[in-house]
Amino acid sequence: MKKFSLKGIALNHSHLCSAVQKLMVLLEILIQCAMLIWVWEHFYNASMPVPIYRRGYYPMALFYGALLYICLKALRGRDIGDMRVFEIIVSQSIALLLCNVAAYLPLCLISYRIIAPTFLLLMTMVQLGIIVVWCFLCNRLFFYLFRPMEMLLICDDPGRAALLEKLKMLYWERYHICAVLPSTAERSELRAALPECHAVLLDTEDRELKDWISIQCFRKNLFLFMVPTIEDVILHSARRLHITDTPLLTTGSHRVTASDALVKRCLDIAVSALGLLVASPVILLSALAVKLEDGGSAFFRQERLTLDGKRFWLVKLRTMRMDAEKNGQKLAEKNDPRITRVGAVLRKCRLDELPQLWNVLRGEMSLVGPRPECPALAEEYEKTLPEFSYRLKVKAGITGMAQVYGNYATTPRDKLLMDIMYIEDYTLSLDVKLLFLTVRTLFLTEKTDGVEKETKGGADA
């Protein structure tokens, strides 16, 4: 495979990739806007009290296009080439549906009446078809234009190379692991391998090696991907401070501020109250299905940990047999025989999580935050991962960064890193983004699969 030969070409390559991604999304938005204008002109305009003509379509298209772009950005629907085609299609489809629903009310206001949604629904179906075809074509074109980036993996344990195994499981054409070297390799061996790659993926806790590799990548204009330590995550949110001629980095108190907490609580109350109202029929029907299957309790209560280690009773719809914990608590496995038939459906659709809106309304949980763990399981994790308790600096949440970007079998350490990232980088906009992305995960059913092997843990029965 031909290598990049000019210095700085990797950076230019990255900028070109980003430009192509944006161009593809822009063209798609223009096509979808054209669809809306065509449907409006041919099926709705004539029946309006004051018909819209050429210039009148511009603000309509601008509003629709801007709204669609915001939804695509929030749901990562623009990341062509960075995610699997199926994930892009799901993200773009949800963004389109949200956009069309949100655009329906202004269209009614323009026409001074409740317009029949028939043609808009037909338009939506055609638009969804366009998304499927467009995503496949764009994905093919992207990887035709941009060959995979050659990546050198340097890790502490190349014999197991857990990160490498994860990458092999992904449909990942953007990066290619060209070589794997141990972190104990000689500097000369590492230096000789660097010119053969475009990027370095570093998975080590060796601080000296991290510093050396960072400098080498900076000198050679190579991309550096790094699995962070907890220290890296905390320092990532640091700000620069110049009070002497020695530059300093400073971090905050690592807690959500009082004003942020107030806004977050208001959002929790509003969304959980509305969610319980809207979802109550679904919860009742699901509870009835659970009860009818085996006659046991419809709901499952388990003690969990939240802010500052406080304990509360988490409520979920029961998805496992009543005797699921007779031999002790353990994580659900893939094709776990303890999961009931109704429970399997509830887990796939995440409907078993809906009763937790009551915990949010009561103030025991938040909509977004680290997942609440069982006290016994948390104590077990802290024996090998003492920093696990850092997650308790904020309220536990129904969804969070670890739930959106991870899955059921994500390791406790990786969950911890993502939870600390959330705590350190907290903003209200981050909460909103994670809520949007949670909608997307509802359609990615592989995220609900259990672990491959039996692992001690809290069973969300």
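The values are calculated or read from the model by the stated rules, or taken from the named source; none is laboratory data. Since the model is a prediction, treat every value here as computed from it, not as a measurement. Don't worry about glycine lacking a Cβ; one is built from the backbone with ideal geometry, like all the others, and counts go over all protein chains shown. Remember, those area values only see protein heavy atoms, side chains included, never the ligands or the DNA or RNA. Shrake-Rupley method; radii C 1.70, N 1.55, O 1.52, S 1.80 Å.
Among the residues of the stretch 133-151, those identified as under 19 Å from LEU201 (Cα atoms) and touching a strand residue (DSSP E or B) at 6+ places or on another chain (Cβ under 8 Å) are PRO148, MET149, GLU150, MET151.
Yes/no matrix, rows are residues, columns are (1) part of a helix (DSSP H, G or I); (2) within 16 Å of ILE29 (Cα to Cα); (3) in contact with a Gly (Cβ under 6 Å, 6 or more places away or on another chain):
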| position | (1), (2), (3) |
| --- | --- |
| GLN92 | yes, yes, yes |
| LEU121 | yes, no, no |
| VAL126 | yes, yes, no |
| ILE130 | yes, yes, no |
| LEU137 | yes, yes, no |
| ARG140 | yes, no, no |
| ARG147 | no, no, no |
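So for the stretch 151-159 (the condition being surrounded by fewer than 19 Cβ atoms within 10 Å (Cβ to Cβ), touching a residue at least 60 places away in the same chain (Cβ under 8 Å) and more than 19 Å from the chain's Cα centre (by Cα)), does at least one residue qualify?
From the stretch 151-159, those surrounded by fewer than 19 Cβ atoms within 10 Å (Cβ to Cβ) are 156-159; that's our starting set.
Keeping just the survivors that are touching a residue at least 60 places away in the same chain (Cβ under 8 Å) gives none.
Within the stretch 151-159, none of the residues are surrounded by fewer than 19 Cβ atoms within 10 Å (Cβ to Cβ), touching a residue at least 60 places away in the same chain (Cβ under 8 Å) and more than 19 Å from the chain's Cα centre (by Cα).
The set of residues from the stretch 49-72 being touching a Lys or Arg at 6+ places or on another chain (Cβ under 9 Å), at pLDDT 90 or above and open to solvent by 30 Å² or more (accessible area, probe 1.4 Å) comprises just one member, TYR69. The lone criterion from (1) open to solvent by less than 50 Å² (accessible area, probe 1.4 Å); (2) over 19 Å from ASP157 (Cα atoms); (3) modelled with pLDDT of 90 or more; (4) among the charged types (D, E, K, R) left unmet by ASP232 is number (3). Take the conditions (1) touching a residue at least 24 places away in the same chain (Cβ under 8 Å); (2) more than 30 Å from LEU430 (Cα to Cα); ARG76 misses just one of them, which is (2). Selection of first residues in the stretch 8-31 that are open to solvent by less than 90 Å² (accessible area, probe 1.4 Å) and of second residues that are modelled with pLDDT of 90 or more and small (Gly, Ala, Ser), restricted to Cβ pairs under 6 Å at least 6 apart or on distinct chains, gives the following pairs, ordered by first then second residue: ILE29/GLY65. All conditions but one from (1) among the charged types (D, E, K, R); (2) open to solvent by less than 70 Å² (accessible area, probe 1.4 Å); (3) closer than 20 Å to LEU354 by Cβ; (4) part of a helix (DSSP H, G or I) apply to LYS291; the one that does not is (2). Considered as a group, the residues in the stretch 416-431 that are in a loop (DSSP other than H, G, I, E, B) and among the hydroxyl-bearing types (Ser, Thr, Tyr) include one that is least open to solvent (accessible area, probe 1.4 Å), and that residue is TYR426. ALA46 satisfies every condition listed in (1) without any contact (Cβ under 8 Å) to a residue 60 or more places away in the chain; (2) under 21 Å from LEU437 (Cα atoms); (3) open to solvent by 20 Å² or more (accessible area, probe 1.4 Å) except (2).
The residues in the stretch 91-121 that are within 30 Å of the chain's Cα centre (by Cα) and open to solvent by 80 Å² or more (accessible area, probe 1.4 Å) can be counted, and the count is 4.
Inspect all residues belonging to the stretch 94-110 and state whether any of them is β-branched (Val, Ile, Thr), outside any loop (DSSP other than H, G, I, E, B) and under 26 Å from ASP431 (Cβ atoms).
Let us first name the residues in the stretch 94-110 that are β-branched (Val, Ile, Thr), namely 94, 101, 110.
Still in the running and outside any loop (DSSP other than H, G, I, E, B): 94, 101, 110.
Next, only the ones that are under 26 Å from ASP431 (Cβ atoms) stay: 94, 101.
Yes, that holds for at least one residue.
Close Cβ contacts (under 6 Å, 6 or more residues apart or on different chains) running from residues in the stretch 118-147 that are touching a residue at least 24 places away in the same chain (Cβ under 8 Å) and closer than 16 Å to GLU87 by Cα to residues that are among the charged types (D, E, K, R) and loosely packed, with under 12 Cβ neighbours inside 10 Å are absent.
Here ILE80 does not fit the description of being modelled with pLDDT of 90 or more, surrounded by 17 or more Cβ atoms within 10 Å (Cβ to Cβ) and out of contact with any His (no Cβ under 6 Å at 6 or more places or on another chain). Among the conditions (1) touching a Phe, Trp or Tyr at 6+ places or on another chain (Cβ under 8 Å); (2) loosely packed, with under 14 Cβ neighbours inside 10 Å, the only one that PHE218 does not satisfy is (1).
Based on what the data block shows, is SER259 exposed (fewer than 13 other Cβ atoms within 10 Å of the Cβ) and either among the aliphatic types (A, V, I, L, M) or more than 16 Å from GLN356 (Cβ to Cβ) (or both)? Break it down into steps so the answer makes sense when it comes.
Working: exposed (fewer than 13 other Cβ atoms within 10 Å of the Cβ): yes; either among the aliphatic types (A, V, I, L, M) or more than 16 Å from GLN356 (Cβ to Cβ) (or both): yes.
Yes, satisfied.
Among residues of the stretch 96-117 that are at negative phi, those with a beta-carbon under 8 Å from a residue that is assigned to a loop (DSSP other than H, G, I, E, B) and open to solvent by 90 Å² or more (accessible area, probe 1.4 Å) at least six positions away or on a different chain give the pairs CYS108/ILE114. Do we have ALA459 as more than 25 Å from THR251 (Cβ to Cβ), surrounded by 19 or more Cβ atoms within 10 Å (Cβ to Cβ) and either more than 17 Å from the chain's Cα centre (by Cα) or modelled with pLDDT of 90 or more (or both) here? Yes. Restricting the first member to the stretch 285-300 and to residues that are farther than 14 Å from MET320 by Cβ, and the second to residues that are part of a strand (DSSP E or B) and of a type outside the set (A, V, I, L, M), the beta-carbon pairs closer than 7 Å and six or more apart or on different chains are ALA287/PHE299.
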